[in-house]
Amino acid sequence: MGRFATALAITGILALNAPLAANAAPPATTVQQVPPEAAEPILGRSVIDAEDKSIGRLIDVLVDADGHPEAAVIDFGGFMGVGNRKVVVHWSALRFHPGDPKHAILLEMTPDQIKDAPEYLSRDKPAPVVIPAPNPAAEPQGAQSGK
Amino acid sequence: MTPTGWPQPERRANRALDLVNFFLADAQTGFGPFVAVYLTTHHWTQVDIGFVLTLGTITSLVSQLPAGALVDAARNKRLVASWALCCVVAAALLLAVLPNLLPVTIALVLHGVASCIITPSIAAISLGMAGPLRLGERLGRNARFASIGNGLAAAVMGAGGAYLSPRFVFLLTAALCVPALMALWAIGPGTHATSQTTARMLDWTGVRRMLTDRRMLVFWVCVMLFHLSNAAMLPLAGSAVTMRAGHLASLIIAACIMVPQALVALLSPWVGRTAGTAGRRPILLLGWAALPIHGVMLALLPGAWPLVAGQAVSGVSGAVFGVALPLLASDLTLGTAHFNLCLAILSLGMFAGAGISTTVAGAVADAAGIKAAFLMLAAVGALGFLVVWWLMPETRPTIERPTDR
């Protein structure tokens, strides 16, 4: 029994090592330095409107199965935390400027356009995404907007 | 200065207590819903923010009763309050300087415990200074200075947080604790410990007697219903303003916060005096009646600026509650040594009501709209009013009743 078990163990070890012996090293990852002017962190950044007024902060991103950002959650409005609402806007309405020293994210909508959007409350329910109206190429993609 | 009625040191002690209330209210303003906004500016995720806020709330909940018992047993209430204030300073500085997960968790836990100690200490000092028969006026003054402090702090911190930096709010909070400490020590010895509020050890028979007192149970239910109705009104009104007002929303919400505070500042001393002369019941009825009126006004008023008028009614209920809570606690524990424990138990009712209020109102607003949520809150307020009307007895101590002073 002992000899049989040992033979089995040695075969097992050899079998495991065989593919490793075939590829000498695991695939190498490389490290690339990305300057902040090229790509910036966005969570918690201030969002401004066209008149350079701060309207809220970007607090979360909704990403689809292909890894493309669909929409951003913006914490909007309020005073000292009272009256803050989480509104979801379509990704196409946002403009990013990593090279800008203020790192502001521009929302191409006015507060009046998003102010009465339904609030984003639960991660498990459909997110009410506000889609910029005048662009004829924008297709509403299974999202609810407005009331 | 010649004393007129009150001896000279008492007047200075009273002024000092006014200032304590003023600076303390300033210091508490930053620790409300603003913490979530502050942490967002430091790139925190929503999950982490939710975690630390929940932990802070649980800490406060769990510390209520032990803190009340602690303040009851402490012989020097000012010392206990000072230690708690130092914890608030530490919490504010941690938030301002080290906004990372562990320091912020420690800061919110510290603040949770400290706030459970400070409120009963101030009430106990007030009781020690004024005595059970004149407590109403003293509490009215407390509420006046606290609301002025709150209103001013909201204005300054709101502007500073927006134009300077969000850190400013917590640096200012830490700075304001210094004059609070100085005012606390300026109150002077001797006025802060009476047999009413000092228990040498936990007296279980006394506690059991207090818990089975029918007036206590009824008032606990009234307190719980008050906050069940009231707590969600300001956040919902703020949401409604944000939804209706666009650019001016911050300004209108600031008005929604400050107008009731101004009314509390105006009305509280009158409330305190009237509770002494006309009795507690008329005052309770007034304050609890304002709740359904507030809810209905918020539901029916259109636009954004008119909501400020609805918020003005909330000033009446706020003024009444601010005075009534410690006043009734004193009435209910007359002759015993459990004033602060009673306050703590009633505060638990506050917590329970407020917690359920925001959750349920949020769910109703989500499902049926903000108007429906306001009407639901108004209905709860009406229920509270009915409980006060039918079940709450008068608790004002009469001169004939023996007191322990």
- Inspect segment A:50-70 for any residue being more than 14 Å from every other protein chain (Cβ to nearest Cβ), on the phi > 0 side of the Ramachandran plot and under 10 Å from the mean Cα position of the chain (by Cα) and give the result as yes or no. yes
Only one of B:75, B:11 is more than 19 Å from the chain's Cα centre (by Cα), without any contact (Cβ under 8 Å) to a residue 40 or more places away in the chain and away from chain A (no Cβ under 14 Å), namely B:11
Note on segment B:236-253: residues within 25 Å of the chain's Cα centre (by Cα) and within 7 Å of another protein chain (Cβ to nearest Cβ) are B:238, B:239, B:241, B:250, B:253
Within segment B:210-235, the residues that are surrounded by fewer than 24 Cβ atoms within 10 Å (Cβ to Cβ) and within 14 Å of another protein chain (Cβ to nearest Cβ) are B:231, B:234, B:235
When segment B:365-375 is checked residue by residue, the ones that are more than 14 Å from residue B:240 (Cβ to Cβ) and in contact (Cβ under 8 Å) with a residue 24 or more places away in the chain are none
When segment B:17-72 is checked residue by residue, the ones that are among the hydroxyl-bearing types (Ser, Thr, Tyr) and within 14 Å of another protein chain (Cβ to nearest Cβ) are B:29, B:38, B:40, B:41, B:45
Filtering segment A:96-120 for residues that are modelled with pLDDT of 85 or more and farther than 20 Å from residue B:247 by Cβ leaves a count of 5
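The values are calculated or read from the model by the stated rules, or taken from the named source; none is laboratory data. The shown structure was predicted, so the numbers you read here are calculated from the model rather than taken from an experiment. Neighbour counts run over all protein chains shown; Cβ positions are idealised from the backbone, glycine included.
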